[in-house]
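Quick notes on the structure that follows.
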Amino acid sequence: MKTFRYIVMPAIALLLAMNIYVFFYKGFIEPEIDESSEIKSSGEALVVGSFTLTDQNGNKVSDSDFKGKNMLVYFGFTNCPMICPTDMANLTQVLEELGEDAKKIQPVFITIDPQRDTPEQIKTFLSNFYPTFVGLTGTPREIADVANKYRIYYKQVEAEDLQEYTMDHSAYTYLMGKDGKYLAHFRHEQPIEEVVRRISQRIN
Ligand code: NI
């Protein structure tokens, strides 16, 4: 009986707690990738992010237009109160610190709120950040497609205290190679110096 009380019961409680954590936290907030799964065992890149979308000037843009450059891709929305502006400001700092290497990088912002994020709206938003940023929007279907390719979770949610809806979304930045294939990703609030170092190591 003691074994049951002191070992089995706590073990069950722990497992239960872990499952609840995984279900609510990992399941809803983070896509199913982590540092160790950057590259699948087959050698295939986990993320292959081809797209054709509309930029902040109203022009059609494809990922192939950026071949020969490393893309730094961030998904967010311009009405985001906190996380997106913080991440975009951090990415701006990262690019500034990369100096000459920043010329090898095409920073790309892709909205997950195409309903409100028109090219004009994105253009205004981007004026606060690194000058070479391209901002992309599209039809809801085009956005769903590209978000799916990048394993980005997003969902429209009603906010009780707000007039308008807000968006729940994963906040990852992807570094893509010159061939358009996945190289690395960075989490929200990953230290700037670490991001700078990892990008320098990976771009060519
Ligand atoms: Ni956001």
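What follows draws every value from the coordinates through simple rules; no lab data is involved. None of these values were measured; they are calculated from a predicted model.
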Quiz item: Given H placed on each backbone N at 1.01 Å, which residues far from VAL61 in sequence or on other chains put an amide H within less than 5 Å of it?
Solution: LEU53, THR54, ASP55
Practice problem: Compute the separation of the alpha-carbon centres of segment 57-89 and segment 166-204 and state it in Å as a whole number. | Solution: 12 Å
Self-check item: Spatially close lysines, pair count over segment 52-203: Cα under 16 Å, gap of eight or more or interchain
Solution: 13
